[in-house]
Structure formats: C-alpha cells, structure tokens
Amino acid sequence: ARADGVFKVTMIPGDGVGPELMTSVKEVFKAGDVPVEFEEFHLSEVQNMASEEKLEEVLGSMKKNRVALKVMKRKLDLFANVVHVNSLPGYKTRHNNLDLVIIREQTEGEYSSLEHESVTGVIECLKIITREKSRRIAKFAFDYATKKSRSKVTAVHKANIMKLGDGLFLQSCQEVAQLYPKIKYETMIIDNCCMQLVQNPYQFDVLVMPNLYGNIIDNLAAGLVGGAGVVPGESYSAEYAVFETGARHPFAQAVGRNIANPTAMLLSSANMLRHLNLEYHSSLISEAVKRVIKTGKREKDLSKPKEWWFLKLFTMVIAKSWILKKHFVGFPKLSDFELKKEELPPLNDGEVFLEAEFLSVDPYMRPYSSILMKEGDVMIGSQVARVVESKNADFPVGSYVISNCGWRTHSISNGKNLDMLLSDWPENIPKSLAVGMIGMPGLTAYFGLLEVCHLKEGDIVLVNAAAGAVGSAVGQIAKIKGCKVVGCAGSDEKVAYLKKIGFDEAFNYKTITSLEETLRNASPEGYDCFFDNVGGEFSSTVIQQMKEFGRIAVCGAISMYNEAKPASGMTLLF
C-alpha cells in the first residue's frame, strides 16, 4: 500500500465480456469506497494487441504491484490455480450446499504450447510433466488443505494409460502426501472423477490435478453451482497473486448485450481484497453480492451496473458481536458468551462507521460486567477502530479512533464516545498500544504510581501481577524514576520477562514456600510503595512489611474476582 493506504492493482479486462465485468468491479469498488487504484491494460488475443512492448509493460506493472485482476500466467510462473466451488444461498441447483476446492497445475501439461506438424496432416503435441512442478503443486494443495482446515486431498490422473507422465505426477503426490499424515489422501482417474462429481460431489474436499484435467473439472464443477458466472478463481506463484473467474469463458456472443453475470468477478475481487488484508471491504462486497442473489435479483438484473441493486448493494453491513449470554459464576466460560450477527443501517448525518482492529481484554471486565451489564448486552471494552465511512467532519475516512463500543467488529457512532488517535502516530509503533501502554493500562500505572503513591527517587516498590499490562508499566516507570522494583508473577517465563525489562527482583508466587519470607529476602528494609493488582491474602501479607509512611495504590483484586463467595474481613479491603 502507498503511504495514503491505497493499494495499486494491475487490471487486464481481456476479451469477450471481460471489459464489462471489470466495469462492474470498478463500479462496486467506487460505491464501496475501496482503497484500490487500478493500473488498467487492454490486451486482446482476438485483436492481436499483445505486442512485446505492451507485454513487458504489463509484466512490469504486475511485478511492481504483485496483485492483479487477470494477467499472463506462464511469464510470472503462476503455477497454482485455485477454484473454490461453493453454493450460493438463493441460487438453487441440482446439488446444494457444495463446498469443494480444485487446485490445478497450470504451467506445464498439455498447455505447454509445444506442438508442431511433423509431416503434412500430422500434428504432434507434447505433454510435459516434471517431478519438480508436480511436487510443488502437490505441496501447495496439502498446505492449502492444512491452512483451511480441510480433511482430504484427491489426486486426479490418467496414470492407467499415461503411465510415465501421469505416473510421475501421481508418484509425486504420493510422496508429498506422506508428509501430511493428518490429511486423508486418495487418487481417482479423471473420467471416473467427472462421473463422481456429477453423481455425488459431496465426497470431495480438495482436488489436485495437472493442467488439462483442471480446465475440464473447473468448468464441470462450476456447472454444479450455477455456471461460469458464479465461481471465482485465483492463481499464485511464490511472489504474485492473480484473481479472476474460476471457469474461464470469454462469452463473446454476449458482448454488448448486458447479460453477462458479474458474480464470479465480484467475488474474485472480494477475495483479492482479503488477500490485501482489506477484510472489511472484502466482506462488504461478498456479503452484499450474496444478499442480492438470495433476494432473487440475479442474472439480467445482476449484470446491469446501473440497476437498483448496485445502488442498494452497500446499504447494510453485517457486524459480529460477542454477547454476555450468562453472568459469570466462577471462572468465565465460553458458554457464557454468544457470537451474534446484526445488520447495521446506512449512516445518518453526523455519524461514522467503524471497523475494529484491536479489542481490549482486561480482568476489570469480570467484576464490572456484573455491575454494568445485563445478560444480552455486548461485552464491555474499548477498541482501536478505523473510520471506513464518515458523515462527520471531525472523523475523516482512514483515521483511527479509540471507541468504548465493546467486543464488536463494526459499529456506528455519533462521535461523542470517540477519541482520535494522533494523526502522526509513528509507523513502527503498533496501534494496539492505544488500548495498552498508551491507553487505560498505561495511564492507570502512571497516575497510580505518581499521583497516588507519590513515588520518589530511591523508593522500594513492590508490584504483584507484575507481568500484566499495568504491572509491567508500573515497574518500568519506577525504574525510570530511580527506584528499586520487586515484582511477583505466576510463571517462570513471566519472571524471566520481568528481569528482562529491568526489575531488580522477581519471583514466581506459585513455586515459593513462604510469601512472607520471599518478600523479606527481596527487600529486608521493607517497601515504600505497593502497587496492588491482586488483593486477598497477598495484600494482607504485604501490609505487614510496609515502611512507616508507606503508600499503597489499590488497582485491582484479581485473586478474588472469580470467588463464588464474597470475601470478608481484612482481605475485603484489598
């Protein structure tokens, strides 16, 4: 991305209805305020526009941008073509709820362009299969299955006839499969695979195959879920990614008739945005397209960029929220929460639309939830959010804010609960620190230590839960102020971390035999300041070792938050 957050992408509309489909993409990107700028190149095999000079210009753009909507594959070694065949809600076909992936090696095989007329009337066409590229595509397929939590890979071949060429491909797949014991592996002859896809496509998960077979299976599988117009595709090399329709068909007879279905190209462009980590815009487009199809407005209506559906496409956004389903009893459990989705309406004047990038999680949420929340409320908490749409001049698109809107992915605000992040926030500082060291935890440490404890140079400071966000900040501030710092944490790894950030003494409370003795050994003369995050018996022990005129900042009582019975007596004070 450029400094202004805009991504440059190479676009090649191509022949047939390609330019019309790309127009749909550009219209949608404009409507969705997508931060992408296209470098557009018009190449045509039909009109013979692909001169060497033009090709080099396109390759230069692609090598610079590394992402494209359609491009030349062999020049960039785009060896892996991926087509995700997925049923679309509202688009009924013979087989519904399909979900399978076709992975095709596309730099060799029958499409190597090695053919000649040996004698008049006799054409020889060479099929190239290499061990290197067969193993590479097999590894890509198994890595994809692992990353996407898929359970089976099927190698498709014709090794019963082409014993050497397809035999080598099959052998390579078998060798790679042995490296992935958790993924089920099977083989299937191409003609049987075609029949099985028509009869029972649900048996397949990920299929990997050579070039020609992949071309056939891509189109066959697309027909199972609605045709070439609804299936997106993508191609990868070690450096580049290209996004296009899954079933390649120029559909020349439809040019200018406004009947080409842009669904596949729009979904492919959404996949491209996800690849660029533009998750919000990706979901915005894919969910909007699926919603339009689900309502029954498709085919002719879906193909017209100026029709109503383009104007309505972005009126609703799906937000995800973690809801407090049940008040906590003892330790919080996953069953105490519920993930819900809700549609957010269009913005009114003065409002901003936010996308969360970082959510806060803090022990204070445990006791505060019982005081401030009722069951069914969105879980409390602050977040760092990006402004993706705005009708409020104080919060321009692309700016970052701190919002107290809880655990939700997207939200609408009138701006009154927002604090703007610094416009010159350094690039090398994670924005998550705005809800950490530079946010409430850091401010709690700063004011608790300096204003409540009135820290002075030479003081001896004790911090418990010292490896946490607040405790670690307390220790570092105290060291900067010239104090001796003793920290307590709950694991040896945390103790090592405390030593690394400058604590003079640190101990693991879970492995000591006597807290009183450990505290005395760490500071025989006692403690001037105690920053308490734990409460309970720990605090009762420490108070006996405070110096005269010692100061205590009570920040939390995490040892007691999950107690089923309320504390009483001395521990209640802390």
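Divide, for the stretch 441-573, the radius of gyration over alpha carbons by 2.2 N^0.38 Å, where N is the residue count.
0.96
Return the percentage of antiparallel bridges among DSSP beta bridges fully within the stretch 441-573, rounded to the nearest 5 %.
Approximately 0 percent, going by the DSSP bridge assignments.
How charged is the neighbourhood of residue 325? Take every other residue with its Cβ under 11 Å from the Cβ of residue 325, and add Lys/Arg as +1 and Asp/Glu as -1.
Counting the neighbours of residue 325, the net charge comes to -1.
Kindly put 213, 561 in sequence by how many other C-beta atoms sit within 10 Å of each C-beta, fewest to most.
So the ranking, lowest neighbour count to highest, is 561, 213.
According to a simple spin-label model (label point 7 Å from Cα along Cα-to-Cβ), what is the distance in nm between residue 492 and residue 521?
The two pseudo-label positions are separated by 1.6 nm.
Pairing rule first: another cysteine's C-beta must sit under 4.7 Å. Under that rule, which cysteines of the chain stay single?
Isolated Cys, the chain: 125, 173, 193, 194, 405, 483, 488, 555.
How would you order 325-336, 403-414 from highest to lowest mean count of nearby Cβ atoms within 10 Å?
The packing order, highest mean first, is 403-414, 325-336.
Would you be so kind as to identify which of 270, 382, 539 lies farthest towards the positive end of the dipole of the chain, taking Lys and Arg as +1 and Asp and Glu as -1 on Cβ and the Cα centre as origin?
270
Using +1 at the Cβ of each Lys and Arg and -1 at the Cβ of each Asp and Glu in the chain, identify which of 29, 142, 360 lies farthest towards the dipole's positive end.
142
Return the percentage of antiparallel bridges among DSSP beta bridges fully within the stretch 138-297, rounded to the nearest 5 %.
35 percent
Applying 1/(1 + (r/R0)^6) with R0 = 30 Å to the Cβ-Cβ distance of residue 200 and residue 148, what FRET efficiency is obtained, to the nearest 0.05?
0.90
Rounded to the nearest 20 Debye, what is the dipole magnitude of the chain about its Cα centre when Lys and Arg each give +1 and Asp and Glu each give -1 at the C-beta?
Computed about the Cα centre, the dipole is about 1240 debye.
Hey, can you rank 113-122, 98-107 by average C-beta count inside 10 Å, highest first?
Top to bottom by mean Cβ count within 10 Å: 98-107, 113-122.
If one takes the longest principal axis of the Cα atoms in the chain, at what angle in degrees, from 0 to 90 and to the nearest 10, does the Cα axis of helix 211-225 lie?
Once rounded, the angle reads 70 degrees.
Would you work out if the stretch 89-229 is rounded, prolate or oblate? Take a ≥ b ≥ c from the square roots of the eigenvalues of the alpha-carbon gyration tensor; rounded if a/c is under 1.5, else prolate when a/b is larger than b/c, oblate otherwise.
Since a/c reaches 1.5 but b/c is at least a/b, the shape of the stretch 89-229 is classed as oblate.
Under 8 Å for C-alpha pairs, at least 6 residues apart: give me the relative contact order for the chain, rounded to a whole percent.
9 percent.
In the neighborhood of residue 514, defined by Cβ-to-Cβ distances under 15 Å, what is the net charge if each Lys or Arg adds +1 and each Asp or Glu adds -1?
-1
Report, in listed order, any pair from 148/325; 184/494; 374/494; 64/152; 147/374 with a Cα-Cα distance greater than 31 Å.
Distance filter (> 31 Å) returns 184/494; 374/494; 64/152; 147/374.
Could you check what % of the DSSP bridge pairs in the chain are antiparallel, to the nearest 5?
So the antiparallel bridges amount to about 55 percent of the total.
Taking residue 92 as the anchor, which lysines have their alpha carbon closer than 16 Å to its alpha carbon, excluding any fewer than eight residues away along the same chain?
Straight-distance partners of residue 92: 290, 294, 297.
With charges only on Cβ, +1 for K and R and -1 for D and E, what is the dipole size of the stretch 7-310 about its Cα centre, in debye, rounded to 20?
1080 debye
Once you list every other residue whose beta carbon is under 15 Å from the beta carbon of residue 195, what net charge do they have if Lys and Arg are +1 and Asp and Glu are -1?
Neighbour charge sum, excluding residue 195 itself: +1.
I'd like the FRET efficiency for residue 331 and residue 97, computed as 1/(1 + (r/R0)^6) with the beta carbon distance as r and R0 of 35 Å, rounded to 0.05.
In this case the efficiency is close to 0.40.
Nearest 500 deg cm²/dmol is fine: what mean residue ellipticity at 222 nm does the chain get from its DSSP H runs of n ≥ 4 alone, each adding -39,500 (n - 2.57), divided by its residue count?
Value at 222 nm, helices only: -9000 deg cm²/dmol.
Cβ neighbours within 10 Å, averaged per peptide: list 450-457, 516-523 in order, most packed at the top.
516-523, 450-457
Take every Cα pair under 8 Å in the stretch 332-468 that's 6+ residues apart, average their separations, divide by the length, and report that relative contact order as a whole percent.
Relative CO of the stretch 332-468 lands at 23 percent.
Coordinate-derived values only; no laboratory data. Predicted, not measured: the structure shown is a model, and the values here were computed from it. Don't worry about glycine lacking a Cβ; one is built from the backbone with ideal geometry, like all the others, and counts go over all protein chains shown.
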